[in-house]
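The values are calculated or read from the model by the stated rules, or taken from the named source; none is laboratory data. Not measured: the values here are computed from a predicted model. All Cβ positions, glycine included, derive from the backbone under ideal geometry; neighbour counts span all protein chains shown.
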Amino acid sequence: MDDKKIENLIESYKKYAEANGFRLNPDEKVVERLVKGLLENEKKYGARYCPCRRVTGNKEEDKPKICPCKWHQEEIERDGHCFCGLFYK
């Protein structure tokens, strides 16, 4: 897997998190593992589906599962982090 692509995506999610009042998981190994999962899903399914959500193959049904998923902000508010652990309060 392309290290530059991983770094760029991590940087992009870091900026997204800061712009939205939260942060990336402080454990860099976890962040890297999740980003690799997102890139694998992109290769396999054509979109960066959250690795913690089941992909059905139905593009409309799966659209909300593209990272950042539709549930992440609610989960961060409620649990202090999103379900997969990429974003933290």
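General observations
Condition check ((1) in contact with a Ser or Thr (Cβ under 6 Å, 6 or more places away or on another chain); (2) of a type in the set (A, V, I, L, M, F, W, C); (3) within 15 Å of residue 10 (Cβ to Cβ)) across all residues:
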| residue | (1), (2), (3) |
| --- | --- |
| 36 | no, no, yes |
| 41 | no, no, no |
| 48 | no, no, yes |
| 51 | no, no, yes |
| 65 | no, no, no |
| 69 | no, yes, no |
| 72 | no, no, no |
| 76 | no, yes, no |
| 81 | no, no, no |
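- Test: residue in region 14-25 that is among the small types (Gly, Ala, Ser), in a helix (DSSP H, G or I), surrounded by 14 or more Cβ atoms within 10 Å (Cβ to Cβ) and in contact (Cβ under 8 Å) with a residue 24 or more places away in the chain: yes
- One residue stands out in region 34-58 among those that are in contact with a helix residue (DSSP H, G or I) (Cβ under 9 Å, 6 or more places away or on another chain) and farther than 20 Å from residue 82 by Cα: the one that is modelled with the lowest pLDDT, namely 57.
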